[in-house]
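Peer 1: Take a look at the following structure, please.
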Amino acid sequence: MSLITEVNEAAVPFQVSTSAEKAAAPGYQLIRRNGAVTSFDAGKIAVALTKAFLAVEGSAAAASRRIHDSVAELTAQVVANLTRRSDVGRTFHIEDVQDQVELALMRSEHHKVARAYVLYREKRAAERAAAATQPVVSAPTMAMTLDDGRKVPLDSARLSAIVAEACAGLDGVSIEAVLTEAHRNLYDGITLDELAQAPILAARTLIETEPNYAKVSARLLLDKLRREALSFVSGTPEQATQAEMAARYPDYFLGYVKTGIASDLLDPELARFDLPRLAAALKPERDLQFDYLGFQTLYDRYFLHVRGHRFELPQAFFMRVSMGLALREIDREARAIEFYDLISSFDFMASTPTLFNSGTQRPQLSSCFLTTVPDDLDSIFKSIKDNALLAKYSGGLGNDWTAVRGLGAHIKGTNGESQGIVPFLKVANDTAIAVNQGGKRKGAVCAYLETWHIDIEEFLDLRKNTGDDRRRTHDMNTANWIPDLFMQRVEARGQWTLFSPDETPELHDLYGKDFRTAYEAYEAKADRGEMKVFRRVAAVDLWRKMLTMLFETGHPWITFKDACNLRSPQQHAGVVHSSNLCTEITLNTSADEVAVCNLGSVNLAAHVTRDGLDQARLARTVKTAMRMLDNVVDINFYTIPEARRSNLRHRPVGLGIMGFQDALEKLRLPTVSEEAVTFADTSMEAVSYYAISASVDLAAERGRYPSFDGSLWSRGILPIDSLAILSEARDGDVELDTAMTMDWEKLRRRVVTTGMRNSNCMAIAPTATISNIVGVSQSIEPSYSQLYVKANMSGDFTVVNASLVRDLKERGLWDEVMVSDLKYYDGKLAAIDRIPADVKALYATSFEIETSWLIRAAARRQKWIDQGQSLNLYIAQPSGRKLDEAYRQAWRLGLKTTYYLRALAATHVEKSTVKKTDGKLNGVSAVAVAAPALSDAPLQNGVEAPNACSINDPTCEACQ
């Protein structure tokens, strides 16, 4: 039987088998509505699509040819979408197939055909409901196939109990709804894995209607993991409910450590801990706090496994990470429990490399590495080799290429001319692709170049899709390292001179007024004819090209050399030559020092109530988090000696925040408000105060970092004080706010007297993945949509803002039509008339917010941060004027760096569901909806560019 049966088969004027054969999916099975299982036949999809098109467009010859082409393409899309989904397996329910057919029609904008298809499905559903004399419940008579191949009666009672347990304590969820949907995916002979997956899939389909179903889905996946982990550790088939795990977790934990060591995954030193004491400290109830996206991410890529068999449960995972960080503590068990309590509560989360590798035999726990590439052939290729070694264990890289001589410069050894930096960047680009960290992700690197380098214009073109591909780096990120003098020349509409660094070696290491003096002296030499390689351009023309390339390709990013150096606490120890992959790290580099930073983020939303910031809780969190980060320096596995030397000498860490948008929503503060900007200021002031104080405490206990003497810290100059240094260097031409609310004088005296354990304490990373694990908004970002589908290697995830849903429920506005409205308008509230103005303001998405508000909030944070922040700029309708205003404002307000420029792309995201409603979407029919959608990707010649480190891409662990 075809998917649409009432269209006359005789009307099909041509064969569809060729298209179907191309899209065939051998070995897959289809579950019919009566529970029968048959072979999946892609040809029937083509037939159904053809009939739907013919019913709308007729069978004229011209239409037939057009229909044939459309059907072939759509059939291939449907089969590809079905077979790519790892969560479906090799068995599809007929409704899943029809859902994908409907989605394909909607995405391809065949609105009339989609409408006909939707209406037919609804008609047939009504007919089946009317014809049914009694419910068909086939599950009790079904068999399930055990792992050893034996078939036993399907355990419907346990299925019901597990679903009930998953729904317990959650408002707005229905056990019956999950079970009803789950039974659609059952068939006689179903395997245990498929049986475990059925209720997960069922709960997932309901997330858009009630966010708590995300927790239901996570808990059902947890049940699947429990069977997998308990069986592997014990060596015999086992399963347990969540209620039973309170008693079973301790014994399991002891077996887990033993299994991990025997499998050469865990450090044997873990066996020397007092394991019963640690096991007794585990909190099984914290397994229930995950949302589905976070838990599936952990399941797929974080939990330890042996050949795909996972044996690490969530609380064992958090304790393993904590034990790894406590290895060198005096009372290791007490500290491990303290660390465990912090991360398992979601108050703080360590970065992804730490979560991946802590407690393992290769504990590479650091997030970011910064290098300077010297100007000789041996050193250049050593730097590229170092990139590979650093990326091998999940490190994100920032390379400073400014010292390498430019195109046309003289090479003394060969008496020839240099080909410049581009050929070497091509090699670095291909090396990043080759090192993919065991399939977890490809190596990720960003190249930095100063604006005066003779190769700057070719550097700007590296990400273009046109031109000589040998001079393009499509997989490497790039960033401009811009001195203040260039920005001043742009504002003055003056000239700018490009040099080769072999003739101007001082410029690389100078900043502020010293840079200006040296640069102008070289310009004078050029005027006298004493420079061999140089070129004059209008500063504003080069600035315009920078912004044009940024818009067209998403690169190079805009970062500011002088702000990074003038406010660096480590001016006495070297120069900040670049930032890192995600533009939040600002540490010194040199030929013999590779900067390393160890990251983690405070969940700001967990430290906020309706009354404001919970200062006491935040102080406790930051104190423990700083200890954990400091421990990383000593425990870390270093792949190159330059990284070890730098990290042990300076001991920098980067404590950041995430969940900022969630915190604003708790406080009922719209992003576009002076109150929100003030909260950005005062919340970061508190984090900064407690982080610096914690570093002083660690210095009292463990000693100052070796290069402390001579630092800004040693002179009593804290991050807030370094604003004056930046202002003086710019002759006062800078817009800075210096207001404060805490007792900084007292802390300043402690810093000078006792010292600091860490040269740097704070950096706000993108938190691309750990915010998903915790279930909060990423970093300091506003939401880019309130309802959307996130697709990654783990499948498709419906994400809906639970806070918004609660607000709409309180006002009686959350219903099926509102869900459809949100999907139609891509998660934006502005166009939905029913929603009150105050709710629209509170939940305004990133593209509905003027960029200046994000920059102002970032500037108020920046005054407290000794490193930087990964700041994306969102512009719904970019123009040259808007980009110019945004980036000049960022510079004038003293920001150190910016990250991606994000714009709306002319593309479509997958709608989160295909569920129908008879309601109207603000006057638009609920069927056949396919509107332009948000893209978090940078634009590349009008098309979405690859996301090397997208904040909304959970496959990226470059920084966090």
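Please treat every number below as a calculation from the coordinates, not as lab data. It should be emphasised that the depicted structure is a prediction, and the values quoted were computed from it without experimental measurement. Here the Cβ is made from the backbone with ideal geometry for all residues, glycine too, and neighbour counts use every protein chain on show.
Peer 1: Summing +1 for each Lys or Arg and -1 for each Asp or Glu, what net charge is found among the other residues whose Cβ lies under 12 Å from the Cβ of C446?
Peer 2: Its environment carries a net charge of -2.
Peer 1: With N denoting the number of residues in the chain, provide Rg(C-alpha) divided by 2.2 N^0.38 Å, to two decimal places.
Peer 2: Here the answer is 0.98, to two decimals.
Peer 1: Of L230, T209, L195, whose Cα points farthest to the positive end of the dipole of the stretch 132-276 (charges on the beta-carbon: +1 Lys, Arg; -1 Asp, Glu; origin at the Cα centre)?
Peer 2: L195
Peer 1: Return one number: the angle in degrees, 0 to 90 and rounded to the nearest 10, between the long axis of the Cα atoms of helix 192-204 and the longest principal axis of the Cα atoms of the chain.
Peer 2: Once rounded, the angle reads 80 degrees.
Peer 1: Quick one: what are the phi-derived ³J(HN,Hα) couplings along the stretch 877-884, Karplus 6.51/-1.76/1.60 with θ = phi - 60°, whole Hz, x for glycine and proline?
Peer 2: Working through the residues one at a time gives 10, x, 9, x, 5, 5, 5, 4 Hz.
Peer 1: Ok, one more. Taking θ as phi - 60°, what are the ³J(HN,Hα) couplings along the stretch 848-859 by the Karplus curve (6.51, -1.76, 1.60), each to the nearest whole Hz, with x for Gly and Pro?
Peer 2: Residue by residue, the stretch 848-859 yields 9, 10, 4, 4, 4, 5, 5, 5, 5, 4, 5, 5 Hz.
Peer 1: Let me ask another. As a footprinting exposure proxy, order H474, H650, H93 by other Cβ within 10 Å, with the fewest listed first.
Peer 2: Details: H474 16, H650 26, H93 20.
Lowest to highest Cβ neighbour count: H474, H93, H650.
Peer 1: When the helix-only estimate is applied to the chain (DSSP H runs of n ≥ 4, each -39,500 (n - 2.57), divided by the residue count), what is the mean residue ellipticity at 222 nm, nearest 500 deg cm²/dmol?
Peer 2: Computed ellipticity for the chain at 222 nm equals -14000 deg cm²/dmol.
Peer 1: Got the relative contact order for the stretch 729-885 handy, in percent, Cα pairs under 8 Å and 6 or more residues apart?
Peer 2: Worked out over the stretch 729-885, it gives 27 percent.
Peer 1: Now for a separate question. To the nearest 0.05, how large is the calculated FRET efficiency for K746 and A157 if R₀ is 45 Å and r is the Cβ-Cβ distance? Provide the component values of the computation, followed by the final result.
Peer 2: Values: r = 64 Å, r/R0 = 1.42.
It comes out at approximately 0.10.
Peer 1: Taking 8 Å as the Cα distance limit and 6 or more residues as the minimum spacing, I'd like the relative contact order of the stretch 368-573 as a percentage.
Peer 2: Details: 346 pairs, mean separation 40.8, N = 206.
Dividing the mean separation by the residue count of the stretch 368-573 yields 20 percent.
Peer 1: Starting from the 7 Å offset along Cα-to-Cβ, what nm value, one decimal, do you get for the label separation of A130 and A521?
Peer 2: The answer from the label model is 9.3 nm.
Peer 1: Sticking with this structure for a sec: List the residues whose amide H sits under 5 Å from the amide H of Q495, counting only those 5 or more places along or on another chain, with H placed 1.01 Å from N in the peptide plane.
Peer 2: The answer is A539.
Peer 1: Note the angle between two axes, namely the Cα long axis of helix 539-553 and the longest principal axis of the Cα atoms of the chain, as a number of degrees from 0 to 90, rounded to the nearest 10.
Peer 2: Between the helix axis and the principal axis of the chain, the angle is about 20 degrees.
Peer 1: Which ordering of Y28, Y900 is given by a fewest-first count of other beta-carbon atoms within 10 Å?
Peer 2: Numbers: Y28 18, Y900 27.
In order of increasing Cβ crowding within 10 Å: Y28, Y900.
Peer 1: Please state the charge dipole magnitude for the chain, taken about the Cα centre, from unit charges on C-beta atoms (+1 on K and R, -1 on D and E), reported in debye and rounded to the nearest 20.
Peer 2: Around 620 debye, computed over the chain.
Peer 1: Rounded to the nearest 0.05, what FRET efficiency do K258 and R84 have when you use their Cβ-Cβ distance and R0 = 41 Å?
Peer 2: So the FRET efficiency works out to roughly 0.65.
Peer 1: How far, in degrees from 0 to 90, does helix 213-234 lean away from the longest principal axis of the Cα atoms of the chain, to the nearest 10?
Peer 2: Taking Cα atoms only, the helix is inclined about 90 degrees.
Peer 1: Given contacts defined as C-alpha pairs under 8 Å and at least six residues apart, what's the relative contact order of the chain, whole-number percent? Don't jump to the answer; show the numbers that get you there.
Peer 2: Numbers: 1869 pairs, mean separation 113.9, N = 960.
Averaging sequence separation for qualifying contacts and normalising by length gives 12 percent for the chain.
Peer 1: Something else: Using each residue's phi in the stretch 773-789, evaluate 6.51 cos²θ - 1.76 cosθ + 1.60 at θ = phi - 60° and report the 3J(HN,Hα) Karplus result to the nearest Hz, with x for Gly and Pro.
Peer 2: Working through the residues one at a time gives 4, 6, x, 10, 5, 7, 6, 9, 7, x, 5, 8, 6, 8, 8, 7, 10 Hz.
Peer 1: Then there is this: When the chain is fully extended, how far beyond the present Cα-Cα distance does N415 get from R528, taking 0.36 nm per residue of separation? Don't skip to the end; give the middle numbers.
Peer 2: Details: separation 113, 0.36 × 113 = 40.68 nm, distance 2.45 nm.
Result for the pair: 38.2 nm of gain on full extension.
Peer 1: Given points 7 Å out from each Cα along the Cα-Cβ axis, report the R470 to A246 separation in nanometres with one decimal.
Peer 2: The modelled label-to-label distance comes out at 7.1 nm.
Peer 1: With point charges of +1 on the Cβ of Lys and Arg and -1 on the Cβ of Asp and Glu, referenced to the Cα centre of the stretch 329-429, which listed residue (I411, C368, N399) lies farthest in the positive direction of the dipole?
Peer 2: In the stretch 329-429, that residue is I411.
Peer 1: Something else: Obtain the nm distance between the two label points defined at A271 and L170 by a simple spin-label model: each point lies 7 Å from its Cα along the Cα-to-C-beta direction.
Peer 2: Label-label distance for A271 and L170, simple model: 4.0 nm.
Peer 1: Gain in length, E238 to S852, computed as 0.36 nm per residue apart minus the alpha-carbon separation, to one decimal in nm?
Peer 2: Net length gain for the segment: 215.4 nm.
Peer 1: Ranked by Cβ crowding within 10 angstrom, fewest neighbours first, how are W401, W891 ordered?
Peer 2: Going from least to most buried by this count: W891, W401.
Peer 1: I would also like to ask the following. Output the antiparallel fraction of DSSP beta bridges having both residues in the chain, as a percent to the nearest 5. Each step should come with its number before you reach the end.
Peer 2: Numbers: 38 of 74 bridges.
Antiparallel bridges make up about 50 percent of those DSSP assigns within the chain.
Peer 1: Now, a different point. Mind listing the long-range amide H neighbours of W557? Cut-off is under 5 Å, sequence gap 5 or more, other chains count too, H placed in the peptide plane at 1.01 Å from N.
Peer 2: It is T478, A479, N480, by chain and number.
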